[in-house]
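Visitor: Below: one structure in structure tokens.
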Amino acid sequence: MISHPTPPLDLIEEMKQIRKIDLHRHLEGSLLPEAILTLAKKHHITLPANSIDELRPLVQVTEQDQTLLDFIKKFDVLALLFKNKKIIQDITCQVIQEAYEDHIYYLELRFAPTYMSGYWQLNYHDIIEGVLEGQELSKKDFPNILTRFIIIVNREAPLKTAKEMLRLGLTYRKNDIVGLDLAGDEQNYPPEIFQEVFQEAAQSNFFITIHAGEARGAEAVQTAVEKCRAVRIGHGVRIAGNSQIETLIRDKKIYLEVCPTSNVQTGAVRSWEKHPILHFLEEKIPLTINTDDPGVSGITLSHEYALLSDFYKIPVKTLQSLCLSSVQAAFLPEQEKEKLKKLFAE
Ligand SMILES: [Zn+2]
């Protein structure tokens, strides 16, 4: 059983004060058990548990859960939530609010319409419109947080559906949908299966990130970059020690979206001691720090920064420079990045 280090509360509080960016956060895995219960009640959805204590192990990783599939299993219960446009709107507002309260100034939320439509068979357009309406509503209450969205192609879905996801994404690109991701069972579905779709996305100047090097090795990262034209990699932790791929990533300025707690919980790395974060910093691998699924993992981005400071003794200055890396890696036009850079330099 892996024990997870807990950074001191005052350090988490200190990290909360730093202006931050999260580039890798799944909308579907961001809700805490408390919010899940409240929203289910409000929208008359029956869950397999009625109290926080009963619900928590069904939607949040416990110490018994050790693998990526254990982690993915939590999404079976979460799927019950996506019943209609209205609750998707509420979920989006709630997730943006939580990021705002953690002093996140720029948030890229990703979501998989195929997963969200799985239980209630909701129409893909209703899902996307629900998310965008949620974004619109939160602009009034939380004007200081800028949000963009990434559509996820689910690896288990057929190629035809992957193409449909790209079409959908491009249809809504004027509404802050900025890119395409590939996620799901990496072990059984390597990125080359989808290269045609991602090459087309790249030709349409759609931003591309791909989950790779999480369950498979460095070769999957190389394929994601060279064949699928990813400019960012979800996790990528398994490239550590492969100098050829590390050089490729560094030379091409491909940013890794590292999510420390998630990386240990999914078994992408075996233990906290074995996480390659310090090696990546030493090797100057382009890097960003993110949460992945803060609700499922039971963390915040401030928690992740506190952990890096407490467990790996990474200086606060370095952490702040990682926030600037996130500006650089953001799926935004250059002028928007410049605005963010100024905000982060204040
Ligand atoms: Zn992810």
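The values are calculated or read from the model by the stated rules, or taken from the named source; none is laboratory data. Note that the coordinates shown come from a computational prediction; the quantities given were computed from them, not determined experimentally. Note: ideal-geometry Cβ built from the backbone for every residue, glycine included; neighbour counts use all protein chains shown. Each accessible area value is taken on the protein alone, full model and side chains, heavy atoms only, with ligands, DNA and RNA left out. Shrake-Rupley method; radii C 1.70, N 1.55, O 1.52, S 1.80 Å.
Visitor: All but one of (1) in contact (Cβ under 8 Å) with a residue 12 or more places away in the chain; (2) assigned to a helix (DSSP H, G or I) hold for Asn144; which doesn't?
Guide: Every condition holds for Asn144 apart from (2).
Visitor: Also, I was wondering about something else. Please state which of the following conditions Tyr115 fails to meet, knowing it meets all the rest: (1) in a strand (DSSP E or B); (2) open to solvent by 30 Å² or more (accessible area, probe 1.4 Å); (3) among the hydroxyl-bearing types (Ser, Thr, Tyr).
Guide: (1)
Visitor: While we're here: So which helices (runs of 4 or more DSSP H) stay within region 155-265 end to end and still have 2 or more residues that are surrounded by 21 or more Cβ atoms within 10 Å (Cβ to Cβ), within 16 Å of the ligand (Cβ to nearest atom) and in contact (Cβ under 8 Å) with a residue 12 or more places away in the chain?
Guide: Output list reads 218-226, 260-265.
Visitor: Could you look through region 300-322, keep only residues that are open to solvent by less than 10 Å² (accessible area, probe 1.4 Å) and under 16 Å from the mean Cα position of the chain (by Cα), and pick out the one that is nearest to His26 (Cα to Cα)?
Guide: My answer is Leu301.
Visitor: Can you give me the ranges of the helices (runs of 4 or more DSSP H) entirely in region 276-330 with at least 3 residues that are away from the ligand (no atom under 16 Å from the Cβ)?
Guide: 277-282, 301-311, 316-329
Visitor: Those residues that are of a type in the set (A, V, I, L, M, F, W, C) and either within 21 Å of Asp176 (Cα to Cα) or open to solvent by less than 10 Å² (accessible area, probe 1.4 Å) (or both), I need them from region 323-332; list them, please.
Guide: Cys323, Val327, Ala329, Ala330, Phe331, Leu332
Visitor: A further question on this structure: Would you mention how many residues in region 49-84 are in a loop (DSSP other than H, G, I, E, B) and free of Cβ contacts under 8 Å to residues at least 40 places away in the same chain?
Guide: Number satisfying all stated conditions: 4.
Visitor: Here's another thing I want to ask about it. Which is farther than 21 Å from Glu101 by Cβ and either modelled with pLDDT of 95 or more or open to solvent by 10 Å² or more (accessible area, probe 1.4 Å) (or both), of Phe280, Phe344?
Guide: Every option except Phe280 fails the conditions.
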